[in-house]
There are 2 protein chains.
Amino acid sequence: MEKTTRTQIIESADELFYHRGFEHTSFAHIADEVKISRGNFYHHFKSKDEILESVIELRLERAKQMLDAWQTQETNPTDRIRLFIQMLIMNKSKLKLYGCPVGTLCSELAKLDHVSKKQAGKLMGTYRDWLARQFIGAGCKKNADELAMHVLAHSQGIAVLANTFQDEAFIKHEVRQMEKWLDEALGK
Amino acid sequence: MEKTTRTQIIESADELFYHRGFEHTSFAHIADEVKISRGNFYHHFKSKDEILESVIELRLERAKQMLDAWQTQETNPTDRIRLFIQMLIMNKSKLKLYGCPVGTLCSELAKLDHVSKKQAGKLMGTYRDWLARQFIGAGCKKNADELAMHVLAHSQGIAVLANTFQDEAFIKHEVRQMEKWLDEALGK
DNA sequence: TACAGATTAGGACAAATGTCCTAATCTGTA
DNA sequence: TACAGATTAGGACATTTGTCCTAATCTGTA
(Lines give C-alpha, C1' and ligand atoms only; values in the text may rest on other atoms or scores of the structure.)
Protein backbone atom coordinates (compact mmCIF):
# COMPACT_ATOMS: atom_id res chain seq x y z
CA MET A 1 0.00 0.00 0.00
CA GLU A 2 1.36 3.35 -1.10
CA LYS A 3 1.47 6.49 0.98
CA THR A 4 -1.41 8.80 0.26
CA THR A 5 -0.69 12.29 -1.01
CA ARG A 6 -2.10 13.65 2.21
CA THR A 7 0.37 11.60 4.25
CA GLN A 8 3.24 12.69 2.02
CA ILE A 9 2.28 16.33 2.49
CA ILE A 10 2.18 15.96 6.26
CA GLU A 11 5.49 14.12 6.45
CA SER A 12 7.29 16.57 4.18
CA ALA A 13 5.82 19.49 6.08
CA ASP A 14 6.90 17.88 9.33
CA GLU A 15 10.50 17.76 8.19
CA LEU A 16 10.48 21.20 6.58
CA PHE A 17 8.86 22.84 9.60
CA TYR A 18 11.63 21.33 11.71
CA HIS A 19 14.48 22.33 9.42
CA ARG A 20 13.26 25.74 8.23
CA GLY A 21 10.60 26.72 10.77
CA PHE A 22 6.85 26.94 10.17
CA GLU A 23 6.59 30.45 8.78
CA HIS A 24 9.71 30.21 6.64
CA THR A 25 8.28 27.12 4.93
CA SER A 26 5.95 27.92 2.05
CA PHE A 27 3.56 25.84 -0.02
CA ALA A 28 6.10 26.05 -2.81
CA HIS A 29 8.70 24.31 -0.61
CA ILE A 30 6.34 21.49 0.33
CA ALA A 31 5.11 21.17 -3.25
CA ASP A 32 8.70 20.82 -4.47
CA GLU A 33 9.29 18.04 -1.96
CA VAL A 34 6.08 16.11 -2.62
CA LYS A 35 6.15 16.95 -6.34
CA ILE A 36 2.57 18.05 -6.67
CA SER A 37 0.95 21.23 -7.92
CA ARG A 38 0.67 24.10 -5.49
CA GLY A 39 -3.01 24.75 -6.03
CA ASN A 40 -3.89 21.20 -5.19
CA PHE A 41 -3.13 21.42 -1.48
CA TYR A 42 -6.60 22.72 -0.87
CA HIS A 43 -8.20 19.47 -1.82
CA HIS A 44 -6.49 17.95 1.23
CA PHE A 45 -6.28 20.91 3.63
CA LYS A 46 -8.28 24.05 4.09
CA SER A 47 -5.25 26.18 4.99
CA LYS A 48 -1.59 26.16 5.93
CA ASP A 49 -2.62 26.27 9.58
CA GLU A 50 -4.49 23.03 9.05
CA ILE A 51 -1.32 21.39 7.76
CA LEU A 52 0.43 22.50 10.92
CA GLU A 53 -2.38 20.97 12.96
CA SER A 54 -1.87 17.66 11.22
CA VAL A 55 1.90 17.86 11.67
CA ILE A 56 1.47 18.38 15.40
CA GLU A 57 -0.95 15.44 15.50
CA LEU A 58 1.60 13.30 13.72
CA ARG A 59 4.29 14.30 16.18
CA LEU A 60 1.96 13.60 19.09
CA GLU A 61 1.22 10.11 17.77
CA ARG A 62 4.87 9.35 17.15
CA ALA A 63 5.84 10.58 20.60
CA LYS A 64 3.21 8.47 22.32
CA GLN A 65 4.18 5.50 20.21
CA MET A 66 7.84 5.84 21.16
CA LEU A 67 7.07 6.26 24.85
CA ASP A 68 4.73 3.26 24.76
CA ALA A 69 7.46 1.20 23.17
CA TRP A 70 9.83 2.18 25.97
CA GLN A 71 7.17 1.27 28.49
CA THR A 72 7.15 -2.36 27.33
CA GLN A 73 10.83 -2.52 26.44
CA GLU A 74 12.13 -1.38 29.83
CA THR A 75 10.62 -2.58 33.09
CA ASN A 76 12.53 -0.15 35.26
CA PRO A 77 11.17 3.45 35.37
CA THR A 78 14.65 4.78 36.11
CA ASP A 79 16.03 3.13 32.99
CA ARG A 80 13.19 4.62 30.99
CA ILE A 81 14.18 8.08 32.13
CA ARG A 82 17.70 7.24 31.07
CA LEU A 83 16.37 6.35 27.62
CA PHE A 84 14.76 9.75 27.43
CA ILE A 85 18.02 11.46 28.27
CA GLN A 86 19.90 9.27 25.80
CA MET A 87 17.66 10.68 23.07
CA LEU A 88 19.84 13.78 23.16
CA ILE A 89 22.85 11.70 22.21
CA MET A 90 21.01 9.79 19.50
CA ASN A 91 19.80 12.96 17.83
CA LYS A 92 22.90 15.04 18.45
CA SER A 93 23.69 15.90 14.84
CA LYS A 94 20.13 17.06 14.15
CA LEU A 95 20.03 18.99 17.42
CA LYS A 96 23.18 20.79 16.41
CA LEU A 97 21.66 21.83 13.09
CA TYR A 98 18.04 22.55 14.00
CA GLY A 99 17.60 22.44 17.77
CA CYS A 100 14.82 20.46 19.42
CA PRO A 101 11.80 19.96 17.14
CA VAL A 102 9.40 20.40 20.05
CA GLY A 103 11.07 23.33 21.77
CA THR A 104 11.75 25.36 18.64
CA LEU A 105 8.18 24.87 17.42
CA CYS A 106 6.76 26.04 20.75
CA SER A 107 9.06 29.07 20.74
CA GLU A 108 8.12 30.01 17.18
CA LEU A 109 4.38 29.61 17.69
CA ALA A 110 4.53 31.67 20.87
CA LYS A 111 6.01 34.58 18.91
CA LEU A 112 3.49 34.19 16.10
CA ASP A 113 0.76 33.96 18.74
CA HIS A 114 -0.48 31.12 16.57
CA VAL A 115 -3.78 29.31 17.09
CA SER A 116 -1.91 26.02 17.44
CA LYS A 117 0.55 27.16 20.09
CA LYS A 118 -1.47 25.48 22.81
CA GLN A 119 -1.58 22.27 20.81
CA ALA A 120 2.20 22.40 20.41
CA GLY A 121 2.38 22.82 24.17
CA LYS A 122 0.55 19.51 24.53
CA LEU A 123 3.43 17.90 22.69
CA MET A 124 5.81 19.13 25.35
CA GLY A 125 3.18 18.18 27.95
CA THR A 126 3.22 14.59 26.71
CA TYR A 127 6.88 14.25 27.63
CA ARG A 128 6.33 16.09 30.88
CA ASP A 129 3.52 13.80 31.98
CA TRP A 130 5.32 10.67 30.90
CA LEU A 131 8.47 11.68 32.77
CA ALA A 132 6.41 12.49 35.86
CA ARG A 133 4.86 9.02 35.74
CA GLN A 134 8.30 7.47 35.54
CA PHE A 135 9.45 9.44 38.59
CA ILE A 136 6.37 8.29 40.46
CA GLY A 137 7.21 4.73 39.48
CA ALA A 138 10.73 5.32 40.74
CA GLY A 139 9.38 6.33 44.15
CA CYS A 140 9.32 10.12 43.91
CA LYS A 141 5.61 10.60 44.29
CA LYS A 142 5.58 13.98 45.99
CA ASN A 143 7.81 15.94 43.57
CA ALA A 144 7.49 13.88 40.41
CA ASP A 145 6.33 16.76 38.24
CA GLU A 146 9.10 19.02 39.45
CA LEU A 147 11.69 16.39 38.64
CA ALA A 148 10.09 15.86 35.24
CA MET A 149 10.19 19.58 34.51
CA HIS A 150 13.82 19.68 35.57
CA VAL A 151 14.81 16.94 33.12
CA LEU A 152 12.78 18.63 30.41
CA ALA A 153 14.29 22.05 31.10
CA HIS A 154 17.81 20.70 31.12
CA SER A 155 17.19 18.89 27.82
CA GLN A 156 15.74 21.99 26.22
CA GLY A 157 18.67 24.10 27.37
CA ILE A 158 21.14 21.59 26.00
CA ALA A 159 19.35 21.66 22.65
CA VAL A 160 19.38 25.46 22.44
CA LEU A 161 23.08 25.70 23.22
CA ALA A 162 24.14 22.79 21.02
CA ASN A 163 22.31 24.55 18.21
CA THR A 164 23.69 28.00 19.01
CA PHE A 165 27.32 26.93 19.41
CA GLN A 166 27.12 24.14 16.81
CA ASP A 167 28.64 21.85 19.38
CA GLU A 168 27.89 18.13 19.68
CA ALA A 169 30.59 17.35 22.24
CA PHE A 170 28.85 19.62 24.72
CA ILE A 171 25.75 17.42 24.52
CA LYS A 172 27.66 14.36 25.66
CA HIS A 173 29.20 16.16 28.60
CA GLU A 174 25.95 17.66 29.76
CA VAL A 175 24.11 14.35 29.40
CA ARG A 176 26.68 12.75 31.68
CA GLN A 177 25.99 15.48 34.23
CA MET A 178 22.28 14.92 33.96
CA GLU A 179 22.69 11.17 34.47
CA LYS A 180 24.78 11.84 37.55
CA TRP A 181 22.11 14.20 38.83
CA LEU A 182 19.47 11.54 38.20
CA ASP A 183 21.35 8.97 40.29
CA GLU A 184 21.56 11.43 43.17
CA ALA A 185 17.93 12.51 42.86
CA LEU A 186 16.75 8.91 42.98
CA GLY A 187 19.31 7.77 45.54
CA LYS A 188 17.74 9.52 48.47
CA MET B 1 19.43 65.71 22.89
CA GLU B 2 16.77 63.78 21.04
CA LYS B 3 17.03 60.25 19.83
CA THR B 4 17.97 60.05 16.18
CA THR B 5 15.62 58.30 13.76
CA ARG B 6 18.23 55.62 13.28
CA THR B 7 18.31 54.92 17.00
CA GLN B 8 14.54 54.82 17.17
CA ILE B 9 14.43 52.32 14.31
CA ILE B 10 16.96 50.06 16.02
CA GLU B 11 15.22 50.21 19.37
CA SER B 12 11.78 49.54 17.94
CA ALA B 13 13.16 46.71 15.82
CA ASP B 14 14.86 45.32 18.91
CA GLU B 15 11.58 45.09 20.76
CA LEU B 16 9.57 43.84 17.77
CA PHE B 17 12.14 41.17 16.90
CA TYR B 18 11.89 39.98 20.48
CA HIS B 19 8.10 39.98 20.66
CA ARG B 20 7.24 38.82 17.13
CA GLY B 21 10.45 37.26 15.86
CA PHE B 22 12.73 38.61 13.13
CA GLU B 23 11.02 37.23 10.05
CA HIS B 24 7.50 37.90 11.28
CA THR B 25 8.39 41.58 11.79
CA SER B 26 8.04 43.67 8.63
CA PHE B 27 9.10 47.17 7.71
CA ALA B 28 5.46 48.16 8.02
CA HIS B 29 5.49 47.09 11.69
CA ILE B 30 8.61 49.06 12.49
CA ALA B 31 7.39 52.05 10.49
CA ASP B 32 4.14 52.05 12.48
CA GLU B 33 6.09 52.05 15.72
CA VAL B 34 8.58 54.77 14.77
CA LYS B 35 5.99 56.68 12.76
CA ILE B 36 8.05 57.22 9.64
CA SER B 37 7.50 56.37 5.99
CA ARG B 38 8.34 52.88 4.88
CA GLY B 39 10.50 53.89 1.93
CA ASN B 40 12.71 56.00 4.08
CA PHE B 41 14.40 53.12 5.91
CA TYR B 42 16.89 52.87 3.12
CA HIS B 43 18.43 56.19 3.94
CA HIS B 44 19.52 54.67 7.26
CA PHE B 45 19.97 50.99 6.37
CA LYS B 46 20.78 49.14 3.18
CA SER B 47 18.51 46.20 4.01
CA LYS B 48 16.44 44.49 6.68
CA ASP B 49 19.42 42.26 7.45
CA GLU B 50 21.42 45.38 8.24
CA ILE B 51 18.80 46.42 10.79
CA LEU B 52 19.16 43.01 12.42
CA GLU B 53 22.92 43.52 12.50
CA SER B 54 22.45 46.79 14.35
CA VAL B 55 19.94 45.23 16.74
CA ILE B 56 22.43 42.50 17.63
CA GLU B 57 25.11 45.15 18.13
CA LEU B 58 22.78 47.06 20.44
CA ARG B 59 22.08 43.91 22.43
CA LEU B 60 25.78 43.15 22.63
CA GLU B 61 26.51 46.61 23.98
CA ARG B 62 23.71 46.46 26.51
CA ALA B 63 24.80 43.01 27.67
CA LYS B 64 28.38 44.10 28.14
CA GLN B 65 27.26 47.26 29.91
CA MET B 66 25.10 45.28 32.33
CA LEU B 67 27.83 42.75 33.05
CA ASP B 68 30.35 45.56 33.57
CA ALA B 69 27.98 47.20 36.02
CA TRP B 70 27.74 43.96 37.96
CA GLN B 71 31.48 43.68 37.93
CA THR B 72 31.86 46.92 39.88
CA GLN B 73 28.68 46.56 41.92
CA GLU B 74 29.51 43.13 43.34
CA THR B 75 32.98 42.23 44.50
CA ASN B 76 32.24 38.55 44.97
CA PRO B 77 32.22 36.42 41.76
CA THR B 78 29.77 33.98 43.33
CA ASP B 79 27.31 36.78 44.02
CA ARG B 80 27.69 37.95 40.44
CA ILE B 81 26.65 34.52 39.20
CA ARG B 82 23.68 34.78 41.54
CA LEU B 83 22.79 38.09 39.92
CA PHE B 84 22.83 36.37 36.55
CA ILE B 85 20.48 33.68 37.77
CA GLN B 86 18.22 36.27 39.41
CA MET B 87 17.74 37.82 35.97
CA LEU B 88 15.29 34.99 35.27
CA ILE B 89 13.13 36.14 38.18
CA MET B 90 13.36 39.80 37.23
CA ASN B 91 12.25 39.13 33.66
CA LYS B 92 9.78 36.39 34.44
CA SER B 93 6.70 37.99 32.89
CA LYS B 94 8.51 38.72 29.64
CA LEU B 95 10.04 35.24 29.59
CA LYS B 96 6.61 33.75 29.94
CA LEU B 97 5.33 35.73 26.96
CA TYR B 98 8.31 35.70 24.59
CA GLY B 99 11.00 33.38 25.93
CA CYS B 100 14.64 34.44 26.18
CA PRO B 101 15.56 37.21 23.71
CA VAL B 102 18.97 35.67 23.11
CA GLY B 103 17.95 32.03 22.88
CA THR B 104 14.91 32.54 20.67
CA LEU B 105 16.88 34.75 18.28
CA CYS B 106 19.64 32.15 17.96
CA SER B 107 17.07 29.42 17.36
CA GLU B 108 15.26 31.44 14.71
CA LEU B 109 18.40 32.48 12.86
CA ALA B 110 19.65 28.89 12.85
CA LYS B 111 16.51 27.80 11.03
CA LEU B 112 16.70 30.69 8.58
CA ASP B 113 20.38 29.90 8.10
CA HIS B 114 20.77 33.65 8.35
CA VAL B 115 24.03 35.51 7.72
CA SER B 116 23.86 36.94 11.24
CA LYS B 117 23.39 33.67 13.08
CA LYS B 118 27.06 33.57 14.03
CA GLN B 119 26.84 37.14 15.32
CA ALA B 120 23.82 36.21 17.42
CA GLY B 121 25.90 33.34 18.77
CA LYS B 122 28.42 35.90 19.99
CA LEU B 123 25.68 37.36 22.12
CA MET B 124 25.25 34.03 23.85
CA GLY B 125 29.04 33.73 23.91
CA THR B 126 29.30 36.98 25.83
CA TYR B 127 27.34 35.51 28.72
CA ARG B 128 29.20 32.23 28.45
CA ASP B 129 32.59 33.90 28.68
CA TRP B 130 31.55 36.23 31.47
CA LEU B 131 30.13 33.34 33.50
CA ALA B 132 33.31 31.35 32.93
CA ARG B 133 35.37 34.25 34.23
CA GLN B 134 33.23 34.40 37.35
CA PHE B 135 33.70 30.69 37.98
CA ILE B 136 37.43 31.14 37.59
CA GLY B 137 37.25 33.97 40.10
CA ALA B 138 35.31 31.67 42.40
CA GLY B 139 38.12 29.14 42.28
CA CYS B 140 36.91 26.72 39.60
CA LYS B 141 39.68 27.23 37.15
CA LYS B 142 39.74 23.80 35.53
CA ASN B 143 36.06 23.42 34.61
CA ALA B 144 34.94 27.05 34.51
CA ASP B 145 33.58 26.88 30.97
CA GLU B 146 31.65 23.70 31.68
CA LEU B 147 30.06 25.28 34.71
CA ALA B 148 29.25 28.38 32.71
CA MET B 149 27.61 26.31 29.99
CA HIS B 150 25.63 24.45 32.60
CA VAL B 151 24.21 27.66 34.06
CA LEU B 152 23.48 28.92 30.58
CA ALA B 153 21.80 25.69 29.49
CA HIS B 154 19.67 25.56 32.60
CA SER B 155 18.61 29.17 32.09
CA GLN B 156 17.72 28.56 28.46
CA GLY B 157 15.70 25.50 29.34
CA ILE B 158 13.80 27.39 32.01
CA ALA B 159 12.99 30.12 29.50
CA VAL B 160 11.72 27.67 26.88
CA LEU B 161 9.45 25.88 29.33
CA ALA B 162 8.17 29.01 31.05
CA ASN B 163 7.22 30.24 27.59
CA THR B 164 5.71 26.94 26.46
CA PHE B 165 3.65 26.33 29.59
CA GLN B 166 2.97 30.02 30.31
CA ASP B 167 4.17 29.42 33.83
CA GLU B 168 6.00 31.97 35.98
CA ALA B 169 5.88 29.98 39.20
CA PHE B 170 8.01 27.29 37.61
CA ILE B 171 10.77 29.84 37.07
CA LYS B 172 11.00 30.59 40.77
CA HIS B 173 11.20 26.95 41.72
CA GLU B 174 13.82 26.12 39.13
CA VAL B 175 15.91 29.16 40.09
CA ARG B 176 15.95 27.95 43.68
CA GLN B 177 17.23 24.59 42.46
CA MET B 178 19.92 26.26 40.41
CA GLU B 179 21.06 28.34 43.38
CA LYS B 180 21.25 25.20 45.49
CA TRP B 181 23.28 23.53 42.76
CA LEU B 182 25.59 26.55 42.65
CA ASP B 183 26.29 26.36 46.36
CA GLU B 184 27.20 22.70 46.04
CA ALA B 185 29.31 23.21 42.93
CA LEU B 186 31.32 25.95 44.67
CA GLY B 187 31.39 24.24 48.03
CA LYS B 188 33.82 21.53 47.05
C1' DT C 1 -18.35 0.54 -21.75
C1' DA C 2 -20.26 4.56 -19.30
C1' DC C 3 -20.27 7.53 -15.67
C1' DA C 4 -19.83 9.75 -10.97
C1' DG C 5 -16.64 11.12 -7.63
C1' DA C 6 -12.02 11.71 -6.27
C1' DT C 7 -7.77 13.72 -7.41
C1' DT C 8 -4.74 16.68 -9.83
C1' DA C 9 -2.60 20.53 -12.68
C1' DG C 10 -2.32 25.05 -13.75
C1' DG C 11 -3.10 29.38 -13.23
C1' DA C 12 -5.74 33.65 -11.41
C1' DC C 13 -6.09 36.64 -7.51
C1' DA C 14 -5.35 40.12 -3.85
C1' DA C 15 -2.39 41.17 -0.26
C1' DA C 16 2.03 41.74 1.69
C1' DT C 17 6.93 41.92 1.39
C1' DG C 18 11.68 43.94 0.70
C1' DT C 19 13.69 47.15 -2.29
C1' DC C 20 14.38 51.29 -4.80
C1' DC C 21 13.46 55.96 -6.89
C1' DT C 22 12.23 60.77 -6.94
C1' DA C 23 10.55 64.94 -5.33
C1' DA C 24 9.70 67.64 -1.33
C1' DT C 25 11.18 69.49 3.08
C1' DC C 26 14.16 70.47 6.76
C1' DT C 27 18.73 72.15 8.73
C1' DG C 28 22.89 74.23 9.36
C1' DT C 29 26.34 77.19 7.28
C1' DA C 30 28.33 80.92 4.41
C1' DT D 1 19.19 85.42 2.73
C1' DA D 2 20.84 81.68 -0.24
C1' DC D 3 22.24 77.23 -0.89
C1' DA D 4 24.13 72.41 -0.26
C1' DG D 5 23.46 68.28 2.08
C1' DA D 6 20.78 65.58 5.10
C1' DT D 7 16.38 63.74 5.92
C1' DT D 8 11.79 62.46 4.81
C1' DA D 9 7.33 61.15 2.40
C1' DG D 10 5.10 58.72 -0.91
C1' DG D 11 4.71 55.64 -4.10
C1' DA D 12 6.48 52.34 -7.92
C1' DC D 13 8.26 47.82 -8.58
C1' DA D 14 8.93 42.80 -8.93
C1' DT D 15 8.45 38.88 -6.18
C1' DT D 16 6.40 35.82 -3.06
C1' DT D 17 2.80 34.53 -0.22
C1' DG D 18 -1.68 31.97 0.99
C1' DT D 19 -5.92 31.22 -1.17
C1' DC D 20 -9.22 29.93 -4.54
C1' DC D 21 -11.26 28.46 -9.14
C1' DT D 22 -11.81 25.65 -13.14
C1' DA D 23 -10.86 22.24 -16.32
C1' DA D 24 -8.60 18.00 -17.06
C1' DT D 25 -7.48 13.32 -15.66
C1' DC D 26 -7.70 9.25 -13.00
C1' DT D 27 -10.29 5.40 -10.56
C1' DG D 28 -13.55 2.35 -9.18
C1' DT D 29 -18.22 0.74 -9.90
C1' DA D 30 -22.54 -0.45 -12.38
Q) For segment A:33-51, what are the residues that are more than 13 Å from A:Glu15 (Cα to Cα) and more than 8 Å from DNA strand C (Cβ to nearest atom)? A) A:Phe41, A:Phe45, A:Lys46, A:Ser47, A:Lys48, A:Asp49, A:Glu50
Q) So, of the residues in segment A:45-93 that are under 13 Å from the mean Cα position of the chain (by Cα) and of a type in the set (Asp, Glu), which turns out to be surrounded by the most Cβ atoms within 10 Å (Cβ to Cβ)? A) A:Glu57
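Please work out if B:Val55 is within 14 Å of chain A (Cβ to nearest Cβ), in contact (Cβ under 8 Å) with a residue 12 or more places away in the chain and away from DNA strand D (no atom under 16 Å from the Cβ).
Numbers: within 14 Å of chain A (Cβ to nearest Cβ): no; in contact (Cβ under 8 Å) with a residue 12 or more places away in the chain: yes; away from DNA strand D (no atom under 16 Å from the Cβ): yes.
Spelling it out, it is not the case that B:Val55 is within 14 Å of chain A (Cβ to nearest Cβ), in contact (Cβ under 8 Å) with a residue 12 or more places away in the chain and away from DNA strand D (no atom under 16 Å from the Cβ).
It is to be established whether one or more residues within segment A:128-137 are within 14 Å of chain B (Cβ to nearest Cβ) and open to solvent by 20 Å² or more (accessible area, probe 1.4 Å). Give the steps one after another, and end with the answer.
Pass one, segment A:128-137, residues within 14 Å of chain B (Cβ to nearest Cβ): A:128-129, A:131-132.
Among the residues that remain, those that are also open to solvent by 20 Å² or more (accessible area, probe 1.4 Å) are: A:128-129.
Yes: segment A:128-137 contains one or more residues that are within 14 Å of chain B (Cβ to nearest Cβ) and open to solvent by 20 Å² or more (accessible area, probe 1.4 Å).
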Q: Can you tell me which residue within segment B:164-188, out of those that are assigned to a loop (DSSP other than H, G, I, E, B) and open to solvent by 60 Å² or more (accessible area, probe 1.4 Å), is nearest to A:Thr104 (Cα to Cα)?
A: B:Gln166
Q | Sole exception among (1) near DNA strand D (Cβ under 7 Å from one of its atoms); (2) open to solvent by 20 Å² or more (accessible area, probe 1.4 Å) for A:Tyr18, by number | A | (1)
Q.
Could you check segment B:123-163 and list, in sequence order, the residues that are assigned to a helix (DSSP H, G or I) and among the small types (Gly, Ala, Ser)?
A. B:Gly125, B:Ala132, B:Gly137, B:Ala144, B:Ala148, B:Ala153, B:Ser155, B:Gly157, B:Ala159, B:Ala162
Q: Would you mind telling me which numbered condition in (1) within 25 Å of A:His24 (Cα to Cα); (2) within 13 Å of chain A (Cβ to nearest Cβ); (3) open to solvent by less than 50 Å² (accessible area, probe 1.4 Å) B:Lys96 fails?
A: (3)
**Q.** Residue among B:Leu161, B:Leu112 that is surrounded by fewer than 22 Cβ atoms within 10 Å (Cβ to Cβ), within 30 Å of B:Asp49 (Cα to Cα) and facing another protein chain (nearest Cβ under 8 Å)
**A.** B:Leu112
Q: With the checklist (1) touching an Asp or Glu at 6+ places or on another chain (Cβ under 8 Å); (2) closer than 22 Å to A:Ala153 by Cα in hand, flag the one item B:Leu105 doesn't pass.
A: (1)
Q. Based on what the data block shows, is A:Met149 farther than 30 Å from B:His19 by Cβ and hydrophobic (A, V, I, L, M, F, W, C)?
A. no
Q.
Condition first: touching a residue at least 40 places away in the same chain (Cβ under 8 Å) and under 11 Å from the mean Cα position of the chain (by Cα). Can you find one or more residues in segment A:125-135 that meet it?
A. yes
Q.
Please go through segment A:21-36 and give me each residue that is near DNA strand D (Cβ under 8 Å from one of its atoms) and more than 14 Å from every other protein chain (Cβ to nearest Cβ), ordered by number.
A. A:Phe27, A:Ala28
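The values are calculated or read from the model by the stated rules, or taken from the named source; none is laboratory data. Since the model is a prediction, treat every value here as computed from it, not as a measurement. Don't worry about glycine lacking a Cβ; one is built from the backbone with ideal geometry, like all the others, and counts go over all protein chains shown. Heavy atoms of the whole protein, side chains included, go into the accessibility calculation; ligands, DNA and RNA do not. Shrake-Rupley method; radii C 1.70, N 1.55, O 1.52, S 1.80 Å.
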